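Data first, discussion second: the structure below is written as C-alpha cells.
Each reported figure results from applying straightforward, stated rules to the coordinates on display, with no laboratory input. Just so you know, these numbers come straight off a predicted model, no measurement behind them. Here Cβ is always computed from backbone atoms with ideal geometry, including for glycine, and neighbour counts include all displayed protein chains.
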Amino acid sequence: MLTGLIGNGLAVLVAGVAILLSRFRHHVPGGGMAGEALLTMAVLGMLFAGELARSTGLGAGIVSAIAAAEGWLGPGAKTILALATFAMVLVVGVAVFRTATERAMTLAFLLPFALALFSSGFFHSLDAGLQAPAQAVAAKIAAGLGV
C-alpha cells in the first residue's frame, strides 16, 4: 500500500516538474536550443511519470479498465489499439529525437498504459525496456524509506 502511494506521489511530482519545465522554457537563457532541450527533457519526464503511475496498483486498475473496454469494441479493437499505440510511439520518438511538442508530453504520459495492454511482440518488449528504470527508482525510494 505504501509503495503504491510512493509511486503515485513520485509520478505526480515528476509530471509536475515536467509541466513546469515546458511552461517556463522560454525564460531560460540560451535561446531556442535551450528551450528545445528543456521540452525534450519534459517529454522524457512525462514518459517516466507515466511509467511510474502505471507500475502501481492504480495504474494496474486503469489498464484493466482499458482492457475491459477493449472487449466491448469487438474484434477490430486490438488492431485499432495497436495502430493508436504505434502512432503514440512515433510521436514520442520524434519528440525525443527530433522536435518536441507539448502534445507529445501528454502522449508520453499515456504511452505506458497503452503498451501494457500487449502481452507479446514489439510493444511488450518496448514496455519491458521502459518499465525497468521506473521500477528500479521506485524500489530505491522504498528501500530508503524502509518499506
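Laid out as a table, the results:
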item	result
At 1.002 mPa s and 20 °C, Stokes D of the stretch 81-147 from Kirkwood alpha-carbon radius, µm² per second	163 µm²/s
Sorted peptide list for 14-27, 78-91, criterion being average Cβ within 10 angstrom, highest first	14-27, 78-91
Integer Hz, Karplus 6.51/-1.76/1.60 couplings in order for the stretch 44-50, x for Gly and Pro	5, x, 5, 5, 5, 5, x
The stretch 36-147, Cα convex hull volume normalised per residue, Å³	106 Å³
Estimated distance in nm for a label pair at residue 86 and residue 12, the labels positioned 7 Å out from Cα along Cα-to-Cβ	3.7 nm
